[in-house]
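Participant: Could you have a look at this structure, given as structure tokens, before my questions?
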Amino acid sequence: MPMSTRRAQPEDAETLHELASRTFALACPSSTAQADIDEFIVANLSRERFHEYLADPARTVLIAEADGVPVGYSMLVAGPIADPDVRAVVDETASVELSKFYLLADSHGSGAAGALMAATLAEAVTGGAKWCWLGVNQQNGRAARFYQKHGFALAGTKRFLVGNDWHDDHIRVRALP
């Protein structure tokens, strides 16, 4: 199936929201309450929020498509790092955050994730970053293996709030060419 990636446009906000609604829970531990997942989606992954993200010059959003059908997305965020645990291990003057990286479950293992990662890292380099960092739930072994395969090394830990529950994340960093 032909894979492609492209920069998301304002008219993609609905598509991004739909992808987020179908993929966010895949990154959460199975013990995460559905109500907390739903609350997170409403607060952070709604159509309105994606309109804001797409209008923000500090953010780059990419969409992965298989045969023209959206199957995943990524988001890079440049700028100051708010989390003190991340600031302690990441140079915010030369880095960009890989804030979101999600694929539909039936696209796992298809090569879509690798294509999206390559395009995302190329965008990070184009934006002038020397490092890329991300947070991944400590219980998400599949994602951790994927990020490690793509050069992201463990650098520390941080907390991530989903609904009313704090989750423990690993901070991973990767040098960029």
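Participant: For the chain, what does -39500 (n - 2.57) per DSSP helix run (n ≥ 4), summed and divided by total residues, give at 222 nm, in deg cm²/dmol to the nearest 500?
Facilitator: Working: 6 runs with 59 residues, N = 177.
Mean residue ellipticity at 222 nm (helix-derived): -9500 deg cm²/dmol.
Participant: Near G151, within a Cβ-to-Cβ distance under 12 Å, what is the net charge of the other residues, with Lys and Arg +1 and Asp and Glu -1? All intermediate terms of the calculation are to be shown ahead of the outcome.
Facilitator: Numbers: positive: K149, R172, R174; negative: none.
Result for the local shell: +3.
Participant: Taking Cα pairs under 8 Å and at least six residues apart, what relative contact order does the chain come out at, in percent?
Facilitator: Details: 307 pairs, mean separation 41.2, N = 177.
Once normalised by length, the contact order is 23 percent.
Participant: Report the residue, chosen from S31, S110, S74, that carries the largest GNM mean-square fluctuation when the chain is represented by alpha-carbon nodes joined by springs under 10 Å.
Facilitator: In the Gaussian network model the winner is S31.
Participant: Rg over Rh of the chain, using C-alpha atoms and the Kirkwood radius, what does it come to?
Facilitator: Value, to two decimals: 0.93.
Participant: Follow-up question, since we're still on this one. Which of S46, S30, S95 ends up with the largest GNM mean-square fluctuation for the chain, with Cα atoms connected below 10 Å?
Facilitator: Largest GNM mean-square fluctuation: S30.
Participant: Quick check: Cα centre of region 1-74 to Cα centre of region 76-155, how many Å?
Facilitator: Spelled out, the Cα-based centre of one part sits 15 Å from the other.
Participant: Evaluate the charge dipole of region 3-175 about its Cα centre and quote only its size in Debye, nearest 20, assuming +1 on the Cβ of each Lys and Arg and -1 on the Cβ of each Asp and Glu. Before the final figure, lay out the partial values.
Facilitator: Details: 16 positive and 22 negative charges, 138 e Å.
My answer is approximately 660 debye.
Participant: Can you list the residues, at least 5 places off or on another chain, whose amide H is less than 5 Å from the amide H of G156, using H built in the peptide plane?
Facilitator: Under 5 Å from the amide H of G156: I171.
Participant: Right, here's the next one. So for region 73-177, Kirkwood radius off the Cα pairs, Stokes-Einstein at 10 °C and 1.306 mPa s: how many µm² s⁻¹?
Facilitator: Working: Rh = 14.1 Å.
Calculated translational D: 113 µm²/s.
All of the numbers you see were taken from the coordinates with simple rules; none came from a lab. These figures come from a predicted structure and were not determined experimentally. Virtual Cβ from ideal backbone geometry, glycine too; neighbours counted across all protein chains shown.
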